[in-house]
1. Out of 261, 318, 290, which single residue is in contact with a strand residue (DSSP E or B) (Cβ under 6 Å, 6 or more places away or on another chain) and over 26 Å from residue 49 (Cα atoms)?
2. Going through 117, 93, 80 one at a time, which residue ends up being surrounded by fewer than 16 Cβ atoms within 10 Å (Cβ to Cβ), farther than 19 Å from residue 211 by Cα and touching a strand residue (DSSP E or B) at 6+ places or on another chain (Cβ under 9 Å)?
3. Can you name the condition, by its number, that residue 38 falls short on among (1) within 22 Å of residue 223 (Cα to Cα); (2) in contact with a strand residue (DSSP E or B) (Cβ under 7 Å, 6 or more places away or on another chain)?
4. Given the conditions (1) in contact with a helix residue (DSSP H, G or I) (Cβ under 6 Å, 6 or more places away or on another chain); (2) under 30 Å from residue 332 (Cα atoms); (3) surrounded by fewer than 22 Cβ atoms within 10 Å (Cβ to Cβ), and given that residue 199 satisfies all but one, which numbered condition is not satisfied?
5. Looking at 155, 168, 147 in this structure, which one is without any contact (Cβ under 8 Å) to a residue 60 or more places away in the chain, assigned by TED's automatic domain parsing to the domain that holds residue 226 and either surrounded by fewer than 16 Cβ atoms within 10 Å (Cβ to Cβ) or in contact with a strand residue (DSSP E or B) (Cβ under 7 Å, 6 or more places away or on another chain) (or both)?
6. Among residues belonging to the stretch 343-353 that are assigned to a strand (DSSP E or B) and at pLDDT 95 or above, point out the one that is farthest from residue 277 (Cα to Cα).
7. So is residue 123 under 22 Å from the mean Cα position of the chain (by Cα), exposed (fewer than 15 other Cβ atoms within 10 Å of the Cβ) and either at pLDDT below 95 or not assigned by TED's automatic domain parsing to the domain that holds residue 215 (or both) or not?
């Protein structure tokens, strides 16, 4: 059997045993893709629900899906994983419940959704995703390279006069070319960069300054990256702010060490804001946090739970009004590694957390 699947089934079965249940049903997209070893089960991008559900018992592994979705999920999302089918008709409102009952008593099943008479325990499963399996790390590295390539090609392609919507469309096109799905596309030009931390693209035309933000998904994993572009000489104020935000990002990255409490990483990042002369800016936007099968599993706060795990992914995104720095990183025993590392891009060297680090500069065109 697939070594990754064997490991993950063991994790789920340990949760089943811990909670004295007879089985576990996973129906959220993040958990489905995780257990399916990168097999995705989405149709609508705006839903967190998979179009099938995975049932794990002490001895069996099932796929619960309707007649529309079953063939594709078996052939593509779960190919070679040996999931036994629990099939029902799409037009039968009680079909899923009846199919589940053929395999197990729903009252004895814990789940991430509480569907079909099961007991909802989403937190019990979310934490299983945090430390990545070696196979996941390999897939994440490839996703990171593709996401970086998509946003870089877009940054080099945009020109004054185009709209934010056109830039977003270009970025989406590059993502689909690289076989990744854009799940978050944010674009801001000129004054909108200063006004909004989450700038949904509009018809505003580019004059000089552009910010591109991407969260891209492949195999269920999601990588986040931000890049900035400026036409003509960079204003001294923006130069100062971008140098500072890169130093703050470096502090977040260098302090993301295995075993460090998340709240302590956050505290050191916030301290870097003050050291750079922008003590209050962190309050204007969240700073990012652990990620993987969601853009953020949760965001860092002064009271955030947990510690940095070995092989856990993070996407910190410090911002100072008018600029931002963001890449997806992996916490390893040897330190943090950038998964969306910029290539063929201008870089600046900054100090953060006592370490010198290269971070992406503003692309001047």
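The values are calculated or read from the model by the stated rules, or taken from the named source; none is laboratory data. Keep in mind it's a predicted model, so treat the numbers as computed, not measured. Methodologically, a virtual Cβ is constructed for each residue, glycine included, from the backbone with ideal geometry; neighbour enumeration extends over all protein chains shown.
1. Working: 318 fails: in contact with a strand residue (DSSP E or B) (Cβ under 6 Å, 6 or more places away or on another chain); 290 fails: over 26 Å from residue 49 (Cα atoms).
Answer to the selection: 261.
2. Numbers: 93 fails: touching a strand residue (DSSP E or B) at 6+ places or on another chain (Cβ under 9 Å); 80 fails: touching a strand residue (DSSP E or B) at 6+ places or on another chain (Cβ under 9 Å).
Being surrounded by fewer than 16 Cβ atoms within 10 Å (Cβ to Cβ), farther than 19 Å from residue 211 by Cα and touching a strand residue (DSSP E or B) at 6+ places or on another chain (Cβ under 9 Å) holds for just one of 117, 93, 80, which is 117.
3. Single failed check for residue 38: (2).
4. Unmet condition: (2).
5. Values: 155 fails: without any contact (Cβ under 8 Å) to a residue 60 or more places away in the chain; 147 fails: without any contact (Cβ under 8 Å) to a residue 60 or more places away in the chain.
Among 155, 168, 147, only 168 is without any contact (Cβ under 8 Å) to a residue 60 or more places away in the chain, assigned by TED's automatic domain parsing to the domain that holds residue 226 and either surrounded by fewer than 16 Cβ atoms within 10 Å (Cβ to Cβ) or in contact with a strand residue (DSSP E or B) (Cβ under 7 Å, 6 or more places away or on another chain) (or both).
6. The first filter runs over the stretch 343-353 and keeps only residues assigned to a strand (DSSP E or B), leaving 347-352.
Right, trim to at pLDDT 95 or above and you get 347-350.
Numbers: 347: 22, 348: 19, 349: 18, 350: 15 Å.
Looking at the filtered set, the residue picked out is 347.
7. Values: under 22 Å from the mean Cα position of the chain (by Cα): yes; exposed (fewer than 15 other Cβ atoms within 10 Å of the Cβ): yes; either at pLDDT below 95 or not assigned by TED's automatic domain parsing to the domain that holds residue 215 (or both): yes.
Spelling it out, residue 123 is indeed under 22 Å from the mean Cα position of the chain (by Cα), exposed (fewer than 15 other Cβ atoms within 10 Å of the Cβ) and either at pLDDT below 95 or not assigned by TED's automatic domain parsing to the domain that holds residue 215 (or both).
Residues checked against (1) surrounded by fewer than 23 Cβ atoms within 10 Å (Cβ to Cβ); (2) in contact with a helix residue (DSSP H, G or I) (Cβ under 9 Å, 6 or more places away or on another chain); (3) not assigned by TED's automatic domain parsing to the domain that holds residue 149:
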site	(1), (2), (3)
266	no, yes, no
272	no, yes, no
295	yes, no, no
302	yes, yes, no
